[in-house]
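The values are calculated or read from the model by the stated rules, or taken from the named source; none is laboratory data. Just so it is clear, the structure is predicted and the values come from calculations on it, not from any experiment. Don't worry about glycine lacking a Cβ; one is built from the backbone with ideal geometry, like all the others, and counts go over all protein chains shown.
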Amino acid sequence: MIYEGPLSKCPFCVTFEETPHHLFLHCIFSWNTWCLILVWWQMLWVCPPSLADLANWWFDNRFRRLERHIWEVTFFAALWSLWLARNDLVFNNVSRSITEVGVGSMP
Ligand SMILES: [Zn+2]
């Protein structure tokens with residue numbers, strides 16, 4: 001659970017409050033991670049306003065069966081990788097690069 005008190009800054013940018021939408025989507029670190037993943041998939045996107053909007057867009061795809069499964073797993077792998085990177089930074093003071101997080105999310 002992410003503490004949403006007034007003192008919790010995003011550990012990636014240390015600028016904005018750490019909310020789920022910021023941490024997993026709108027933070028420059030997370031945004032660049034999604035961009036890296038989407039470039040690999042040769043997809044263009046516009047950053048949506050919420051995680052729900054991202055999920056709706058992500059799961060409304062036209063991939064064939066195998067690609068669709070990999071694509072859908074990539075969504076959860078990206079969220080999980082961002083969460084692990086956040087926890088490594090907060091609890092172990094270990095910084096992960098966008099490439100490490102993004103590549104770690106891909107098949
Ligand atoms: Zn941030």
Within the range 11-24, which residues are near the ligand (Cβ under 6 Å from one of its atoms), buried (at least 18 other Cβ atoms within 10 Å of the Cβ) and over 13 Å from S95 (Cβ atoms)? H22
Among the residues of the range 56-75, are any part of a helix (DSSP H, G or I), touching a Ser or Thr at 6+ places or on another chain (Cβ under 9 Å) and either of a type in the set (G, A, S) or within 16 Å of the ligand (Cβ to nearest atom) (or both)? no
Select from the range 45-82 the residues that are surrounded by 14 or more Cβ atoms within 10 Å (Cβ to Cβ) and within 13 Å of the chain's Cα centre (by Cα) and list them in ascending order. P48, L51, L54, A55, W58, T74, F75, A77, A78, L79, S81, L82
Pairs returned, first residue in the range 15-41 that is under 13 Å from I98 (Cβ atoms) and assigned to a helix (DSSP H, G or I), second residue that is more than 7 Å from the ligand (Cβ to nearest atom) and of a type in the set (G, A, S), beta-carbon separation under 7 angstrom, 6 or more apart or interchain, are T33/A78; T33/G102; W34/A78; L36/G102; I37/A78; I37/G102; I37/S105
Just give me the residues in the range 1-10 being within 13 Å of the ligand (Cβ to nearest atom) and either modelled with pLDDT of 95 or more or small (G, A, S) (or both), in sequence order. S8, C10
